[in-house]
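Provided herewith is a single structure, encoded as structure tokens, for subsequent inquiry.
The values are calculated or read from the model by the stated rules, or taken from the named source; none is laboratory data. These numbers were taken from a predicted model, which means no experiment stands behind them. Glycine also receives a Cβ, built like all others from the backbone with ideal geometry; neighbour counts cover every protein chain displayed. Remember, those area values only see protein heavy atoms, side chains included, never the ligands or the DNA or RNA. Shrake-Rupley method; radii C 1.70, N 1.55, O 1.52, S 1.80 Å.
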Amino acid sequence: MPPVGTPLVLAFDASGGRCAAALVAGGRVLASRAETTDRREAERLIPLIEAVLAEAGVAWPALDALAVSTGPGDFTGVRVAVAAARGLAMALGRPAIGVSRLEALAEGHAAALVAVDARRGMVAAQAFANGAPLAPPALVPVETLGSHAPPGAALLGAAAAPDTPEASESPDPAALARIAAARLSDPGPPPAPIYLRPPDAAPSEPAPPLLDDG
């Protein structure tokens, strides 16, 4: 259990083809888990979260806040995670704080250019300095990525640093929790997904009504 008075933040992410969750108190990780889901985020996310809570011996009402990755990333995964965060926040009466996937990947770096694969020759990229974004996240062609890097920036994310084995497409959920903990005094509006392009599969339009010639 965390020390009395230490904010307890549960963070989770499903933006990068996996589910991950961590329970953090005062910067200390009490429990953390991640697993690939094969696009089964809707059925795997809550059991994974419950396993993290059980490992730490913490009950839902003990939480002070929830943190969730808002993307950009896998369309379905982002929707599932954000919906779970908003529903849990309402049920528990706790704030849900959205943190972008790119911001979490940049956490701890003075200057960074973060980029993750967005397919079709594009990457989702964002530059940061001293923890603050220099511009909104954007889709940019892979070949122009270098022009978006601030001076002295670390290149982070598998798309920005493809030859770096440890470069990750998915943020550490503990980073989400640490960023959210710093915002507890002003959590802002409920989290909402970050989409840089519409989904690949659009809902079909209803067929027009048949007209009776008679």
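Whole number in Å², please: accessible area per residue of the chain, 1.4 Å probe, ligands, DNA and RNA not counted.
Accessible surface, normalised per residue, equals 51 Å².
Here's a follow-up. Starting with the highest mean, order 129-142, 108-121, 82-95 by the number of other Cβ atoms within 10 Å, averaged over the residues of each peptide.
By packing density, highest mean first, the sequence is 108-121, 82-95, 129-142.
Please list 36, 164, 70 from largest to smallest accessible area, probe radius 1.4 Å, with all protein chains kept in place.
36, 164, 70
Placing +1 on the Cβ of each Lys and Arg and -1 on the Cβ of each Asp and Glu in the stretch 1-124, which of 70, 10, 54 has its Cα farthest towards the positive end of the resulting dipole?
70
If you roll a 1.4 Å probe over the chain with all protein chains in place, what percent of the accessible area is carbon or sulfur?
The C+S portion of the solvent-accessible surface of the chain is 56 percent.
About its Cα centre, how strong a charge dipole does the chain have in debye, to the nearest 20, once Lys and Arg get +1 and Asp and Glu get -1 at the Cβ?
I would put it at about 520 debye.
Could you report the accessible area of residue 186 in Å², rounded to 10, computed with a 1.4 Å probe on the protein chains as they sit in the structure?
Spelled out: residue 186, probe radius 1.4 Å, area about 120 Å².
For the chain, which DSSP H helices look membrane-span-like by this rule: Cα extent along the axis of 15 Å or more and mean Kyte-Doolittle of at least 1.6?
Result, helices passing both filters: zero.
Continuing with this model, one more query. Going by a ≥ b ≥ c, the root eigenvalues of the Cα gyration tensor, does the stretch 83-125 fall in the rounded group (a/c under 1.5), the prolate group (a/b larger than b/c) or the oblate group?
Note, shape of the stretch 83-125 comes out oblate.
Return a whole-number percent for the relative contact order of the stretch 1-133, with Cα pairs under 8 Å and 6 or more residues apart as the contact set.
21
How much of the DSSP beta bridge set in the chain is antiparallel, as a percent to the nearest 5?
Looking only at bridges with both residues in the chain, the antiparallel portion is about 70 percent.
Turning to a different aspect of this structure: Once both labels are modelled 7 Å past Cα along the beta-carbon direction, what's the residue 166-residue 91 spacing in nm?
3.7
Just checking my list (1) 27, 20, 17; (2) 30, 18, 14; (3) 30, 26, 15 against semi-axes √(5λ) of the Cα gyration tensor in Å computed from this structure; which label fits?
(3)
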